[in-house]
Amino acid sequence: MLYDKLDREIIKFLQGSLPLESRPYAELAEHLQVSEEEIVARIGSLADRGIIRRLGAVLRHQRAGYRVNAMVAWKTDVSNQDRSGQIMAEFPQVSHCYLREVPPDFAYNLFSMIHARSEEELKHLVAEISLRTGLDDYLVIRSIKEMKKVSMEYYR
């Protein structure tokens, strides 16, 4: 068996919004009548076995004061892509940074999602990233509308 009933309850809990507190598993542990340490150990085991691939936060950037955002597509070559991606990922305003295989007629293969409080800040961030990475060929792709931002739901 890949996981038991207790693991399933933990997975159900993790697929939703976690409490924003210092002990987010305390109430779950009490409900399941196990220790918080047991919850954490089981989460680690689920991850080690590939049942859980990752835990991640969803940033509601508008609520956090970030009113302007854009996906920036950068043109980079194999010799520079890892270094450039690492530099971009160091910026706290970059929530996503990844390399993609793209069609031959679209040479921009490194993508970064940048969140800013103003248009001026966004322009400054893009310029700073360009300067630090040495990448000066890029496209700024604006978000028009956010369509969906939900956690995966495997169990109810």
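The values are calculated or read from the model by the stated rules, or taken from the named source; none is laboratory data. Model, not experiment: these values are computed from the prediction. Cβ sites come from the backbone with ideal geometry, for glycine too, and all protein chains shown count toward neighbours. Areas reflect the complete protein model, heavy atoms only, side chains present, ligands, DNA and RNA absent. Shrake-Rupley method; radii C 1.70, N 1.55, O 1.52, S 1.80 Å.
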Go through segment 97-114 and give me each residue that's touching a strand residue (DSSP E or B) at 6+ places or on another chain (Cβ under 8 Å) and either on the phi > 0 side of the Ramachandran plot or surrounded by 13 or more Cβ atoms within 10 Å (Cβ to Cβ) (or both).
-> 97, 99, 108, 109, 110, 111, 112, 113, 114
Is segment 59-67 home to any residue that is closer than 30 Å to residue 137 by Cβ, at pLDDT 90 or above and not acidic (Asp, Glu)?
-> no
Going through segment 1-18 in order, the residues found to be in contact with a helix residue (DSSP H, G or I) (Cβ under 7 Å, 6 or more places away or on another chain) and free of Cβ contacts under 8 Å to residues at least 24 places away in the same chain are 9, 13
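Restricting to segment 1-25, and then to whatever is of a type in the set (Phe, Trp, Tyr) and at pLDDT 90 or above, can you tell me which residue is farthest from residue 37 (Cα to Cα)?
13
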Residues in segment 99-111 that are over 17 Å from residue 140 (Cβ atoms) and in contact (Cβ under 8 Å) with a residue 12 or more places away in the chain: how many?
-> 1
Pull up segment 70-87, narrow it to residues that are open to solvent by 20 Å² or more (accessible area, probe 1.4 Å) and in contact (Cβ under 8 Å) with a residue 60 or more places away in the chain, then point me to the one that is nearest to residue 112 (Cα to Cα).
-> 71
For residue 143: the one exception among (1) among the small types (Gly, Ala, Ser); (2) touching a helix residue (DSSP H, G or I) at 6+ places or on another chain (Cβ under 9 Å); (3) farther than 14 Å from residue 88 by Cα = (2)
Within segment 34-48, can one find any residue that is part of a loop (DSSP other than H, G, I, E, B), over 23 Å from the mean Cα position of the chain (by Cα) and modelled with pLDDT of 90 or more?
-> yes
Could you list, in sequence order, all residues of segment 73-96 that are in contact with a Phe, Trp or Tyr (Cβ under 9 Å, 6 or more places away or on another chain), within 13 Å of residue 132 (Cβ to Cβ) and not polar (S, T, N, Q)?
-> 74, 85, 88
Leading residue by the ranking (least open to solvent (accessible area, probe 1.4 Å)) among those in segment 49-58 that are modelled with pLDDT of 80 or more and hydrophobic (A, V, I, L, M, F, W, C) | 52
Segment 115-156 - residue that is polar (S, T, N, Q) and either modelled with pLDDT under 95 or open to solvent by 80 Å² or more (accessible area, probe 1.4 Å) (or both) and, of those, nearest to residue 77 (Cα to Cα) = 143
Please list, ordered by first then second residue, the pairs with beta carbon atoms under 8 Å, 6 or more apart or interchain, first in segment 23-46 and among the charged types (D, E, K, R), second in a helix (DSSP H, G or I).
-> 23/36; 36/26; 36/29; 38/29; 42/6; 42/7; 42/10
